[in-house]
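Some notes on the structure that comes next.
The values are calculated or read from the model by the stated rules, or taken from the named source; none is laboratory data. Computed from a predicted model, the values in this text were never measured in an experiment. Using ideal geometry, Cβ is built from the backbone for each residue, glycine included, and neighbour counts are taken over all protein chains shown. Just so you know, the surface numbers come from the protein's heavy atoms only, side chains and all, with ligands and any DNA or RNA stripped out. Shrake-Rupley method; radii C 1.70, N 1.55, O 1.52, S 1.80 Å.
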Amino acid sequence: MALQKRIDHAIKLYNEGFAQKIIFTGGSPDNRPTEAETARDYAIEQHEITKESLFIESKSSSTEENAQFSSELFPEVNNIILVSDSYHLFRATKVFSRYFNTVHPSGRIPDYNVR
């Protein structure tokens, strides 16, 4: 559910013209589909986003690796909008700032109405 909400938020920013592409990050500890692949597939199926606008980095297993591997895959990208859950943004922004010139954090606010 949290992953879906982050994807929805990223796509909203994309649809509003704030981003030209979306990069999903995250690997898998075993042979299951990676988090990045799952996010891409959800975006295509639920939001009808074209595959040409979506990119994946699927080797990472930490925030540090998300940032490092994304910067290596897309060295031409200097400025990013970092989408994550709001409680994770402060630390994630610090990490991604080591790899990208400008990082604009945009948080997905969790729903705390757990029943």
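Could you please give the count of residues in region 86-105 that are part of a helix (DSSP H, G or I), open to solvent by less than 70 Å² (accessible area, probe 1.4 Å) and not aromatic (Phe, Trp, Tyr)?
6
For region 4-13, what are the residues that are without any contact (Cβ under 8 Å) to a residue 60 or more places away in the chain, closer than 14 Å to Arg40 by Cα and open to solvent by 50 Å² or more (accessible area, probe 1.4 Å)?
Within region 4-13, Gln4 is the sole residue that qualifies.
Identify the single condition in (1) surrounded by 11 or more Cβ atoms within 10 Å (Cβ to Cβ); (2) in contact with a helix residue (DSSP H, G or I) (Cβ under 9 Å, 6 or more places away or on another chain); (3) modelled with pLDDT under 95 that Ile109 does not satisfy, given that it satisfies every other one.
All conditions are met except number (1).
List pairs: first in region 85-108 and in contact (Cβ under 8 Å) with a residue 60 or more places away in the chain, second in a loop (DSSP other than H, G, I, E, B), Cβ under 9 Å, 6+ apart or cross-chain?
Short answer, once both residue conditions are applied: Asp85/Ile109; Asp85/Pro110; Ser106/Phe18.
Given the condition at pLDDT below 95 and under 16 Å from Ile81 (Cα atoms), answer yes or no: does some residue in region 31-51 qualify?
Looking for residues that are at pLDDT below 95 and under 16 Å from Ile81 (Cα atoms), one finds none in region 31-51, hence no.
Identify, by number, the condition in (1) among the charged types (D, E, K, R); (2) at pLDDT below 95; (3) within 13 Å of the chain's Cα centre (by Cα); (4) open to solvent by 50 Å² or more (accessible area, probe 1.4 Å) that Glu65 doesn't meet.
(2)
Exactly one condition in (1) closer than 18 Å to Met1 by Cα; (2) in contact (Cβ under 8 Å) with a residue 12 or more places away in the chain is not met by Glu45; state its number.
(2)
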